[in-house]
Amino acid sequence: MKPVVIIGGGISGITAALELAEAGKEVILVEKEAWLGGNVVRMHNYFPKLCPPACGLEINFRRIRSNPRIKVLTHTTVTGIEGEKGNFHVTVRTGPRMVSDMCTSCGDCVDVCPEERPDAFNYNFGTTRAIYLPHALAYPQVFNIDTEVCKGSACAKCVSACTYDAIDLNATVVEETLEAHAVVSATGWKHYDAGKIEGLNYLSSPDIVTNVEFERLLSLTGPGKGKLAKPSDGSEPRKIAFVQCAGSRDENHLPYCSAVCCSASLKHALNVAELNKENSATIFYIDLRVTGRNEDFLAKVEQNSRINLVKGKVAKIEAGGEGLVVIAEDITSGKKVHENFDLVVLATGIVPNSGPAKFSVNKDGFLTGDQDAGLRAAACARKPMDVSASVKDATAAALAIMK
């Protein structure tokens, strides 16, 4: 039987690949980035057990490495799908991959590289050299070159420094067509562009961040190495506001609920309170939508004297003399709130990454359940869901493909 092509190397794509391969199927896992792990690898911790990314991904990477039925194509995008179940032709575009698998991650190339680039993995909090290891947990553990920044053969210092001949600055794009029995789209999600939301003024201050950026600020592998700091000056924020439904449940932006934002902000508020006994957090919300075991987080928040829950929508965020001023309504008291904060976190919603043209989508851009035979959508490509639900959904997609 021909292999199954899985598009997307995040937690759901990895899960589907492993389930299929360990059941005896050949799999080709295609990922557009130079590394696997998707959004999960950027997180500080995730539900339901608040594990750091290394907890689950490291085991999965080992399973991939030891399974000969899985072929991984990173730095690769799918440009077309034709055919039908049992006889799909998937066209992919790889590279240019200027660093080969001969790379041992020694870092000698970084020491001599003169060019810098924004650190995209850390949402541009800091910089890296033009040749860089995407992150400490990167799989494959191979350096990558930012072709928009690298001077190529005009510099070539990295080539001279590499004793393993792993760098080829003349590498070109490789296009090929893969034959596949079936295709799973696990293309995942990105966060909504907070700059589009009038009033919240995301672009007006570096101390107004999104929830995914806040994850990196908290992370032990993030720019602060576990020490929460304001992007503006590096000082430790003591008073933090969380603004729910930043773009979600809004006909002008995202008309749907993104499902995970409330639970994430409850987790974040508890993280803030645990970091320092002088810290406080306020969550401004429309409704707190938490279900199942995540209700435990709501109970913990309600019992924490340093976390304040305000039912009311934030109308505006302004730069003030003492940090940031949040202007909101407090429905319970019937009063208007003007309060100063050191840092404001916007709970931006989940937006699906664009999927392959062969797949059908709904009005919100998510892949539908109504696909041709042999095509299957998984996890956040279908609808917003947390990590635990994504793993289960990816397993279900793998099972459906095996039939």
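When each of Cys257, Cys162, Cys55 is scored by the number of other beta-carbon atoms lying within 10 Å, the sequence from fewest to most is Cys55, Cys257, Cys162.
For the range 353-359, putting each phi into the Karplus relation 6.51 cos²θ - 1.76 cosθ + 1.60 with θ = phi - 60° gives couplings of 5, 5, x, x, 4, 5, 8 Hz, in residue order, rounded to whole numbers and with x for Gly and Pro. When only alpha carbons of the chain are considered, Rg and Dmax amount to 22.3, 69 Å.
How high is the relative contact order of the chain? Use alpha-carbon pairs under 8 Å, at least six apart in sequence, and give a whole percent.
Relative contact order here is 19 percent.
Note that the range 116-130 has calculated 3J(HN,Hα) couplings of 10, 9, x, 7, 4, 4, 9, 6, 6, 7, x, 9, 10, 6, 4 Hz, one per residue in order, obtained from phi through the Karplus relation 6.51 cos²θ - 1.76 cosθ + 1.60 (θ = phi - 60°); glycine and proline are x.
Trypsin sites (Lys or Arg not before Pro), restricted to the range 239-338: which are DSSP loop and have at most 13 other Cβ atoms within 10 Å? Let's see the in-between values first.
Values: sites: Lys239, Arg249, Lys267, Lys277, Arg289, Arg293, Lys300, Arg306, Lys311, Lys313, Lys316, Lys335, Lys336; in loops: Arg249, Lys277, Arg289, Arg306, Lys313.
Those that pass, being in a loop and sparsely packed, are Lys277.
Qualifying trypsin sites (Lys or Arg not before Pro) in the range 138-225, where qualification requires a DSSP coil assignment and no more than 13 other C-beta atoms within 10 Å, comprise Lys151, Lys225. Each Lys or Arg adds one and each Asp or Glu takes one away; over the other residues whose Cβ falls under 9 Å from the Cβ of Lys239, this sums to -1. By the Cβ-Cβ criterion of under 4.7 Å, the unpaired cysteines of the chain are Cys103, Cys106, Cys113, Cys150, Cys155, Cys162, Cys245, Cys257, Cys261, Cys262, Cys380.
Cross-link pairs exceeding 27 Å in C-alpha to C-alpha distance, out of Lys196/Lys383; Lys313/Lys392; Lys71/Lys151, comprise Lys313/Lys392; Lys71/Lys151.
Which net charge results when you count Lys and Arg as +1 and Asp and Glu as -1 among the other residues whose beta-carbon is under 12 Å from that of Met1?
+2
Taking amide H as placed 1.01 Å from N in the peptide plane, the amide H of Ile283 sits under 5 Å from that of Phe242, Asn308, Leu309, Val310, each at least 5 places away or on another chain.
Here the Karplus relation 6.51 cos²θ - 1.76 cosθ + 1.60, evaluated at θ = phi - 60°, turns the backbone of the range 215-232 into coupling constants of 4, 5, 5, 7, 5, 5, 9, x, x, x, 6, x, 9, 6, 9, 6, x, 5 Hz, with x for every Gly and Pro. Going 7 Å from the Cα of Glu198 toward and past its Cβ, which residues in the range 309-340 have a backbone nitrogen under 20 Å from where you end up? 313-319, 326-329, by backbone N distance to the label point. With the cut-off at 1.5 for a/c, could you classify the range 261-332 from its C-alpha gyration tensor as rounded, prolate or oblate? Since a/c reaches 1.5 but b/c is at least a/b, the shape of the range 261-332 is classed as oblate.
Would you mind computing, in nm to one decimal, how far apart the modelled labels at Arg63 and Ala315 are, each placed 7 Å from Cα along Cα→Cβ? Distance between label points: 5.1 nm. In terms of Cα atoms, the Rg and Dmax of the range 108-161 work out to 10.9, 31 Å.
For the chain, the longest principal axis of the C-alpha atoms and the axis of helix 261-275 are separated by about 70°.
Under the criterion of Cα pairs below 8 Å and six or more residues apart, the relative contact order for the range 1-140 equals 22 percent.
In terms of its alpha-carbon gyration tensor, the range 192-349 comes out rounded; the largest-to-smallest axis ratio a/c stays below the 1.5 threshold.
If we count every other residue with Cβ under 14 angstrom of Gly80's Cβ, Lys/Arg +1 and Asp/Glu -1, where does the sum land? So the environment of Gly80 carries a net charge of -2. Here the contact order of the range 253-333, divided by its residue count and restricted to Cα pairs under 8 Å and six or more residues apart, works out to 26 percent.
Around the amide H of Tyr256, modelled in the peptide plane, lie the amide H atoms of Arg249, Asp250, all under 5 Å away and 5 or more residues distant in sequence or on another chain.
Near Arg382, the amide H atoms lying under 5 Å from its own belong to Leu367; only residues 5 or more places off or on other chains count, and H is placed 1.01 Å from N.
Once you sort the root eigenvalues of the Cα gyration tensor of the range 127-235 as a ≥ b ≥ c, which label holds: rounded (a/c under 1.5), prolate (a/b larger than b/c) or oblate (the other case)?
Oblate, since a/c reaches 1.5 and b/c is not below a/b.
Aspartates and glutamates near Lys363 by alpha-carbon distance under 20 Å, same-chain residues fewer than 8 away left out - which ones? Within the straight-line limit of under 20 Å, Lys363 reaches these aspartates and glutamates: Asp193, Asp250, Glu251, Asp372.
Readers should treat all values here as calculations from the given coordinates under stated rules, not as data from a laboratory. Not measured: the values here are computed from a predicted model. Neighbour counts are summed over all protein chains in view; Cβ atoms, including those assigned to glycine, are modelled from backbone coordinates with ideal geometry.
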